[in-house]
1. Does A:Glu544 satisfy the condition of being closer than 30 Å to A:Pro266 by Cβ and of a type in the set (Asp, Glu)?
2. For the stretch A:558-573, enumerate the residues that are over 25 Å from the mean Cα position of the chain (by Cα), in contact (Cβ under 8 Å) with a residue 40 or more places away in the chain and farther than 18 Å from A:Leu515 by Cβ.
3. State all residues of the stretch B:18-32 that are in contact (Cβ under 8 Å) with a residue 60 or more places away in the chain and either at negative phi or assigned to a helix (DSSP H, G or I) (or both); if no residue qualifies, say none.
4. On the given criteria, is A:Pro111 more than 17 Å from A:Trp12 (Cα to Cα) and assigned to a helix (DSSP H, G or I)?
5. Would you check which residues across the stretch B:128-143 are outside any loop (DSSP other than H, G, I, E, B) and more than 14 Å from chain A (Cβ to nearest Cβ) and list them?
6. Would you check if B:His104 is closer than 30 Å to B:Asn46 by Cα, touching a residue at least 24 places away in the same chain (Cβ under 8 Å), assigned to a helix (DSSP H, G or I) and within 14 Å of another protein chain (Cβ to nearest Cβ)?
7. Please indicate, with yes or no, whether at least one residue in the stretch B:76-99 is more than 14 Å from chain A (Cβ to nearest Cβ) and in contact with a strand residue (DSSP E or B) (Cβ under 9 Å, 6 or more places away or on another chain).
8. Which number in (1) surrounded by fewer than 22 Cβ atoms within 10 Å (Cβ to Cβ); (2) part of a loop (DSSP other than H, G, I, E, B); (3) of a type in the set (A, V, I, L, M) marks the one condition that B:Ala109 misses?
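The values are calculated or read from the model by the stated rules, or taken from the named source; none is laboratory data. None of the values given here were measured: they were computed from a predicted structure. Methodologically, a virtual Cβ is constructed for each residue, glycine included, from the backbone with ideal geometry; neighbour enumeration extends over all protein chains shown.
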Amino acid sequence: MNKLRSLLYKEWRDQRTFCLAALAACLLLALGALRIHGSALIGPSMYVDSVLPVSCMIFAMLLATESISRDAQSRVADMLLRLPAPRTSVWSAKLLFVTLAVVAFVLLLLPLDFLLSLANDTGGFAGHQVLAQPMFWSFTAALAAAGFALACVLRRALPAAIVGSLAVAALPFLPMAMLPFGVAAGLDPYRVWDWNYVYLSIWSPQQLACLGLAGFLLGSLLAFSIRHADPLGWRRGLAVAGSVACVFGLASASSMRRALSAFDIPFGDANAGIEQVSPSPDGRFLAVQMRKEWRVNPDWRALVGGDLAWMAEHYEVWLFDRNDSSWSKLGGTYQALLTRFRHGFSQGPWDARGRLSVITSPSAFGNTAGGVQLIDPKSRAVLLAPPIGISMFDALEAVSGLGVWYTTISNSKQSLLTLRWKDCGIEWAIPDDLAFAASPEPGVVFLQRDHQLIRHDMRTGSERVLRSLGRELIRNSIRVSPDGRYVSIFSDGTTTILDAIDGHSVAELPNRARLTSWSDVAGRLCLYATSLGGRGLMWHALDEQGRSTALPTTLRDCEELGAGRLIGFESDRIECMKLDGSERETLYEAKP
Amino acid sequence: MTHLTPTTNSIEIRRLHWHFKKKQPVLRGVDLALPVGSVTALLGKNGAGKTTLMRALTGGLPFPRGTVSVLGRDPWRERVAVLRSIGHVADQTELPRWMKVREHWDLLAPFYPGWEMSEARRLAERLGVDPDARYHDLSRGGKELACLVAALAHKPKLLLLDEPFSGLDVLARRRVFDALLELLREDGRSALLASHSLADVERCADRIAVLHEGRISLCGEIEELRRGATRLAVELEGDSPSWTPPLPAKVERREGRELVLYTLRDAESLQDQLAHDPAVKHVEPVERDLEDLVAAALGEVAPS
């Protein structure tokens, strides 16, 4: 023990200046990060995510290199190796010292990390358990192998270069090989890496190139400080590979880490917006769709070309449980509420049994093959996940059986849209620019023809004129209520609600009023909004007798929460209140 | 290998072979024995393998053939035990720049069970080494003395000195050697001293071993070797260009009828034999010195 202590003390005396200088440098970086926080140059989260880990790894690599090369070059190593102790104990002491120094380095910086995290306040949700490790290690190992192969080629050590090249080719398959084990261990397989994460990373191509070059130079210096015979260049190749992997690999790994978790939207993030709020049928849960935009680093766009989008959109679904006022986030990288509005047929994300339908994708921006999932809101478990790749329409049918009774076949050559009644096999072709809406009642379609609104029954082929129109309707101006009892038409800035059977007028909304949603409450027909100019919207509930009731919110959107309550929301807040405006509470508010 | 009795020989080497590569043999069957209590100088040309031999003795080299015993132990297999028992001063010992003499002792002490800090202080005081001096700031002689203190503080039974004093000036060298001799004599330690300086060897060694072409070409006590080795000045009766001396004598120099012969053994019988040779007019011994012995052992004619 005394021997080890003696050797460790010697190492500490050798390296303490470097250690303290490195620590001071990191502290200065952190202070800088705090000082310029908000100026969009570097935020504390980026510091915590990228600068600190990379600093730690560079510190470890430099310390290890310095510890060995300093003694080797000054011949102090000869003295150490003449000590009456196993030679391995001398090298082990160095390794132990480097390990302890790195641990101390991290421990000293952790409080700083914590303070920076507080400054950014990213708390809210627990992190996901994802398959980060295999991907990270295979990526880094592939870089190491590439560096090794390059170094061996430069050294004209062909056998070693071939081994390195084969390793480069083989390593990307490592995550695939490890995926089943990760899934079996309960990890989330729905996260993949794609190039968007590099484009969106804090590292510009120039910085990455500089880092890679620095790694290569560092490795070369290390390689040529190796004094032992190395005829095939293996040791030098490994030295270069290790350095390249450490520096360049870690820089890239920070992008990967962002890919795996850093695109997650923190609770209260002012840069994220609420897109949609949908209460469950029993009113216990609120499904909230969050959206956040990420700007692509323009340097990457200049490098890759104009095809690269300026912006990428990330969606998440959060659940609010009114029983305990808790927020939680559904698993997965990219998720959006599955709402359908097509051919006048609209359906929310909840089914009658209180299960939630979401669109999910394994990449943070939904640009890889995605699918539909049916979620149990209580356990947040995935109840059903149709195979990825089938159409949303079929997936919707598969997960919740919403009773969409038809499929469409588009014939662009003849500008025809053919509705095919799945159960009966009856087909009916209509011009594809025709304004029409499909009723939830199988076989019933509403369309406008010759300035008339017509109800068409595919079973019998019979048609009934519901109403004469002053002018032609535009597409999507016909909507059918979820129960199929009412049809709304929008014409000349006015929305009229008709009985779906005989066409008599049930109600007419004020001019420029917008029908936002059909009501699920008995006796209530729909919600609609009128503009208050620049002061928001005035919301109303319309009952089946055609009476309007003003609702106590002026926010951007409004949803019913059972018969007696209301949810009002806009981009940064969600409010809940009774219909008379009492018991108003803020469920969510973005932090400034 | 069989452990040798350390009471007989501190070091015993038998048919030791070592080569850098197969085509570059360095040691080609070295046989050497170092009696307990003796101070043996290891001599040889540059690149003869002295440092290699030292490394083999300190467990720094695996050797493919032959046996090496240091204080009865195999230095390769029992390297730690051997290093604990010996003191080793290399040709150039480097320490970190920040390290003081005392801190060097602190570093070494845990590795040597026999280390006594009081002994280190005593030796330092005696050799005039300041324990609080920074090693890097010491003069060359001061560094050698500091290393000598560090090598002796654990009271080793055997001291290995690998050209330790090659860079010292005359006064420093004298001071170091005087101290070294005194210390060696006091405790009856054995020592193996690799050196190029015959003056140093004559000053402190009682035995020499000459390493030449991978083998020990000459080994023994200096005085005994001196007695056995002879240079003879011979004057011939007439010009006899074909005359050759009887073995084992060799011709060192020839100028007309006058020759200088040398031999490493059987000098008296050779002189007697020459005295009765009818071709020889006159024969008489000339001065003998260590340099002649070594030169002869190195296969070279000694300077006249």
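1. Taking the combined requirement at face value, the residue does not satisfy it.
2. Result: A:Leu561, A:Gly562, A:Ala563, A:Arg565.
3. Within the stretch B:18-32, B:Pro25, B:Val26, B:Leu27, B:Arg28, B:Val30, B:Asp31, B:Leu32 qualify.
4. Spelling it out, A:Pro111 is indeed more than 17 Å from A:Trp12 (Cα to Cα) and assigned to a helix (DSSP H, G or I).
5. B:Asp137, B:Arg140, B:Gly141, B:Gly142
6. No.
7. no
8. Of the numbered conditions (1) surrounded by fewer than 22 Cβ atoms within 10 Å (Cβ to Cβ); (2) part of a loop (DSSP other than H, G, I, E, B); (3) of a type in the set (A, V, I, L, M), the odd one out for B:Ala109 is (2).
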